[in-house]
Amino acid sequence: MKKYLSILSDIEQKIMEGEYRPGHKLPSVRKAAKSYGCSISTVTRAYAELEKRHAIYSIAQSGYYVVGQSDFSSDTASDLINFASASPDLTVFPYLDFQHCLNKAIDIYKYHLFTYGNSKGLEKLRHTLVSHLADSQVFAKVENISVTSGIQQALEILAKMPFPNGNSVILVEQPSYNLYLHFLEAEGIPVCGIRRTATGIDLRELEEKFKSGNIKFFYTMSRFHNPLGTSYSTEERKAIASLADKYNVFIVEDDYMADLGQERSFDPIYAYSRTSRVVYLKSFSKIIFPGLRLGAAVIPEQLLDMFYTYKNYTDTSLLSQATLEVYIKSGMYERHKHKISKQYATRIQLLNEAVRRHNDAGLIEVSDVRYGVYVQFKLPKTVNLERLTQRLAARKIKVVSSKGFYLSDYLEREKFLRISISRVQPEKIDEGVKAIIEAVKRENW
């Protein structure tokens, strides 16, 4: 990593965290050079890049000053409080780092980037992913790693292809990832649900489903669940792996937010399986940006041939894959991961503090979440969800109700709002939480 990029990243972080506010004068070039332990020309280059990004401006014979945040979205440009969007915060997109990796990838791979490539994915990226995934206790051979066009593609292939256990029903948590539930129902794929709450899952019910439910695979989000935000305990993860081994049921573990949070001791279900019945899925969208459309799937040996029979064409950009390979290998991905994880953890903390401050009557139950993106606001049964969301929208507060996170015929539903902190500005969190609780009070009268 070049020194000027490190300086630029540090200043950007201080601007985002409010240490350098609009109109704030930055340290002089000479003073900054001394502080960062580098040459004056290095600081000058970093400041010049910040000027190009309209983050700072210069005044002759005076110095450099911070401008307001760039208008990346209407979230930052208006009084909208967005608790609905799950997309990464565009203000922390590593533009210069990624641009550098893009240029480097073109230099390295040249004309190879414009061929059709391999349906398994760029080989060099898959080799890099071996060590990258090992950091999450996912030890896989390069032959078992497939690069997919986002996690959604892998989920769709797995739903449609036959499995060696001969079963046909997909078991999903309730609630669960709304887009996947809608896909399964629209395609007429056999699916059934099992209740999951902020406190976990009933393992006895899970065993009964595995034992007699004709279950092909169990789709689960072991940590930072969408929409609950919670994670399974170590005991639950071990038990799920053990039950899958015992009853010849496969697990599809969607670890889409693996890189968020400080849970360094968290081992996925994949790490506890003795018979390789876990398909491990990882997305890069929540750390970098959704438009990258890249995911990684670790496919057990007994599923490989059938998986590639259904994934029989190249559908992911070689340029994107090559850029991601350089981005990970250079250490930039790791650095950005810690940066965005820290920022999201701060927002979750602000959210929890706001709830403690305003929820004195205990009208909403909040899931115990400290990292990730989502938090469940469980509501009284008397609340009309549709009317509540409309009232909040009128106050320019965007939220998502629980309705879409259940199968259409699943009746044991909790009533809640899924709160996302990825796009809400920190200074608006308290105001937003207060408004939600006030609206719930009004609904509960």
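The values are calculated or read from the model by the stated rules, or taken from the named source; none is laboratory data. Nothing here was measured: the structure is a model prediction, and the numbers come from that model. Glycine gets a Cβ as well: all are built from the backbone with ideal geometry, and neighbour counts include every protein chain shown. SASA here: full protein model, heavy atoms, side chains in, ligands and nucleic acids out. Shrake-Rupley method; radii C 1.70, N 1.55, O 1.52, S 1.80 Å.
Some observations on this one:
- Annotation: per residue accessible area for the chain equals 45 Å², rounded to a whole number [probe 1.4 Å, protein chains only].
- Estimated 222 nm signal from helices in the chain, with DSSP H stretches of n ≥ 4 weighted -39500 (n - 2.57), rounded to 500: -13000 deg cm²/dmol
- Distance from the range 1-46 to the range 125-192 (C-alpha centre basis), Å: 43
- Each residue, Glu431 and Ser58, gets one label point 7 Å from its Cα in the Cβ direction; the gap between the two is 3.6 nm.
- Local electrostatic count at Leu388 - Lys and Arg +1, Asp and Glu -1, tallied over other residues with Cβ under 12 Å: +4
- Listed pairs Lys209/Lys339; Lys14/Lys398; Lys282/Lys403; Lys211/Lys381 exceeding 30 Å between Cα atoms: Lys209/Lys339; Lys211/Lys381
- Hz values of 3J(HN,Hα) by residue in the range 174-187 - Karplus curve (6.51, -1.76, 1.60), Gly and Pro given as x: 10, x, 7, 4, 4, 5, 6, 4, 5, 5, 4, 5, 5, 7
- Apportionment of accessible area to carbon and sulfur, the range 312-365, percent (1.4 Å): 50
- Whole-percent carbon and sulfur share, accessible surface of the range 1-47, 1.4 Å: 50
- The range 129-192, accessible surface, carbon-and-sulfur percent (1.4 angstrom probe): 53
- With a simple spin-label model that places each label point 7 Å from the Cα along the Cα-to-Cβ direction, the separation between Gln99 and Lys441 comes to 4.9 nm.
- You can think of it this way: the chain between Glu235 and Ile189 has 13.5 nm of extra reach, that is 0.36 nm per residue less the Cα-Cα gap.
- Taking the range 3-62 and dividing mean pair separation by its residue count, relative contact order in percent (alpha carbons under 8 Å, at least six apart): 39
- The range 221-354 - share of DSSP beta bridges that are antiparallel (%, nearest 5): 50
- For the range 280-367, Kirkwood radius (reciprocal of mean inverse C-alpha pair distance, Å): 16.7
- With contacts taken as Cα pairs under 8 Å at a separation of at least 6 residues, the range 127-201 carries a relative contact order of 24 percent.
- The residues packed around Ser39, meaning those with a beta-carbon under 12 Å from its beta-carbon, carry a net charge of +4 if Lys and Arg are +1 and Asp and Glu are -1.
- Amide H contacts of Lys216 (H built 1.01 Å from N, under 5 Å, at least 5 apart or other chain): Ser168, Val169, Ile170, Leu171
- Value of Rg to Rh for the range 155-279, rounded to two decimals, is 0.93; Kirkwood radius and Rg both from alpha-carbon coordinates.
- Across the range 187-264, C-alpha contacts under 8 Å between residues 6 or more apart give a mean separation that, scaled by the residue count, equals a relative contact order of 33 percent.
- Here the simple spin-label model places points 7 Å from the Cα toward Cβ, and for Ser408 and Thr275 these points are separated by 3.5 nm.
- Paired Rg and Dmax values of the range 194-341, which use every Cα atom, in angstrom: 16.7, 49
- Here the mean projected area of the convex hull built on the C-alpha positions of the range 2-42 is 2.8 nm².
- Rg to Rh, two decimals, where the range 344-445 supplies the alpha carbon set and Rh follows Kirkwood: 0.94
- Gain in span if fully extended, Glu17 to Ile40, counting 0.36 nm per residue against the direct Cα distance: 5.7 nm
- Radius of gyration over Kirkwood radius for the chain, both on Cα atoms: the Rg/Rh ratio is 0.99.
- Cβ-placed point charges (K, R +1; D, E -1), dipole of the chain about Cα centre in debye, nearest 20: 1000
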